[in-house]
1. With the requirement that a residue be within 16 Å of V161 (Cβ to Cβ), open to solvent by less than 40 Å² (accessible area, probe 1.4 Å), out of contact with any Gly (no Cβ under 6 Å at 6 or more places or on another chain) and hydrophobic (A, V, I, L, M, F, W, C), what does segment 184-223 give you?
2. Test G133 against the criterion of being touching a residue at least 40 places away in the same chain (Cβ under 8 Å) and not in a helix (DSSP H, G or I), and give yes or no.
3. In this structure, does K226 turn out to be basic (K, R) and buried (at least 18 other Cβ atoms within 10 Å of the Cβ)?
4. Inspect all residues belonging to segment 144-157 and state whether any of them is over 27 Å from D307 (Cα atoms) and either open to solvent by 20 Å² or more (accessible area, probe 1.4 Å) or assigned to a helix (DSSP H, G or I) (or both).
5. Give the number of residues within segment 84-98 that are touching a helix residue (DSSP H, G or I) at 6+ places or on another chain (Cβ under 6 Å) and open to solvent by less than 60 Å² (accessible area, probe 1.4 Å).
6. Consider segment 93-120. How many of its residues are among the small types (G, A, S), at pLDDT below 90 and in a helix (DSSP H, G or I)?
7. Hey, does segment 13-20 have a residue that's hydrophobic (A, V, I, L, M, F, W, C) and without any contact (Cβ under 8 Å) to a residue 24 or more places away in the chain?
8. Quick one: count up the residues across segment 1-39 that are open to solvent by less than 60 Å² (accessible area, probe 1.4 Å) and under 17 Å from V116 (Cα atoms).
Amino acid sequence: QKVATNCNVEFTHERQGEWIQMHAIFFKGKAMKLDEWCRYVALFVQDNPTFFEMSVGIIKLLCNTFTSLDGNIGYNEYFAFLSPLGVPEEDAKAAFKLLDTSGGGFLSTEEFSVAVVHYYFDAEESKYMHIFGEFRVVSPLQRKKLERLFVMTDMNRRGSVTVDDLILWGEKSATVSKVRFSEERKAEWVNAHSAYFAGKNMAMEEFVQHVQAFMQEDPSHAEHSKDINLTLFNVLDENKDGQVSFDEYYAFVHPAGVTPADARAGFDVLAADKNGVLSREEAGMACARYYFDQEESPYMHFFGKWDPEVETEQS
């Protein structure tokens, strides 16, 4: 129905029948949980030596549900198919460009079908992993940022981040701010551990994979993570006035090893033209951009001024 709306065509009984047929093919016509579906796909491969060729034929039937049946899939048809899945147009354009190797502005149904089958069955990374929109993986710079943050958070220097590390960070932050580390403040730091580390003990690589999985599973991850970052705002905003001053920011980053000079430089970048404070929304957005910007940006200084050329060392 959403694809038909995007294409400005009527969702007829015939079109509905095509989508029901797709459900019968891809999910055996029944409700499936993720594990069951994965087993179903694996069995299909095991039971059919010509699974690749068979699958291409099946995907060509899928093309009937969203194309004009001229043998080609233009970008508008491609995006009409993807957008109901939550794929942003930016990611759809990037993916289409990768797949349209001829630069002609369209994919043949054969090319599209082969690409989808490669998406299902390729064991290694390839351009086909982007067929359902740009498939984001952690960039080298992004990995450096995450590794740096992990080391900063590992207050006890055990090689894994636990809730005790976040509580210790909170205690040190309260000491810098000269406020009492109450049970309420402690609960805020425990909530932060739940939000960013799923409430689990995590080693560095597990943390990086955790962030990558969040990116892959939610195409609007940066936008949605701003709500998660309200948890962080609660620990930043020591006096609960709805904004973060430099003193509050410094109390937050100093226990993680950030010098006064680097704290000031980082805050000034984030709070430029903002009257010397960060609002709830600004802090949430800045933290999200620290996590998810894949290239250098001002937000890489969210946890204090940072030089990406300096190697992160794990104690």
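The values are calculated or read from the model by the stated rules, or taken from the named source; none is laboratory data. Nothing here was measured: the structure is a model prediction, and the numbers come from that model. Glycine gets a Cβ as well: all are built from the backbone with ideal geometry, and neighbour counts include every protein chain shown. With ligands, DNA and RNA removed, areas are computed over all heavy atoms of the protein, side chains included. Shrake-Rupley method; radii C 1.70, N 1.55, O 1.52, S 1.80 Å.
1. A192, A195, F197, M202, M204, F207, V208, V211
2. Numbers: touching a residue at least 40 places away in the same chain (Cβ under 8 Å): yes; not in a helix (DSSP H, G or I): yes.
Considered against the rule, which asks whether it is touching a residue at least 40 places away in the same chain (Cβ under 8 Å) and not in a helix (DSSP H, G or I), G133 comes out as yes.
3. Values: basic (K, R): yes; buried (at least 18 other Cβ atoms within 10 Å of the Cβ): yes.
Against the criterion (basic (K, R) and buried (at least 18 other Cβ atoms within 10 Å of the Cβ)), K226 qualifies.
4. No; the residues of segment 144-157 include none that is over 27 Å from D307 (Cα atoms) and either open to solvent by 20 Å² or more (accessible area, probe 1.4 Å) or assigned to a helix (DSSP H, G or I) (or both).
5. Step one: of segment 84-98, the residues touching a helix residue (DSSP H, G or I) at 6+ places or on another chain (Cβ under 6 Å) are 84, 92, 95-96, 98.
If we keep only those that are open to solvent by less than 60 Å² (accessible area, probe 1.4 Å) too, we end up with 84, 92, 95-96.
The total comes to 4.
6. Total satisfying the criteria: 2.
7. Of all residues in segment 13-20, those hydrophobic (A, V, I, L, M, F, W, C) come to 19-20.
Among the residues that remain, those that are also without any contact (Cβ under 8 Å) to a residue 24 or more places away in the chain are: 20.
Yes: segment 13-20 contains one or more residues that are hydrophobic (A, V, I, L, M, F, W, C) and without any contact (Cβ under 8 Å) to a residue 24 or more places away in the chain.
8. 3
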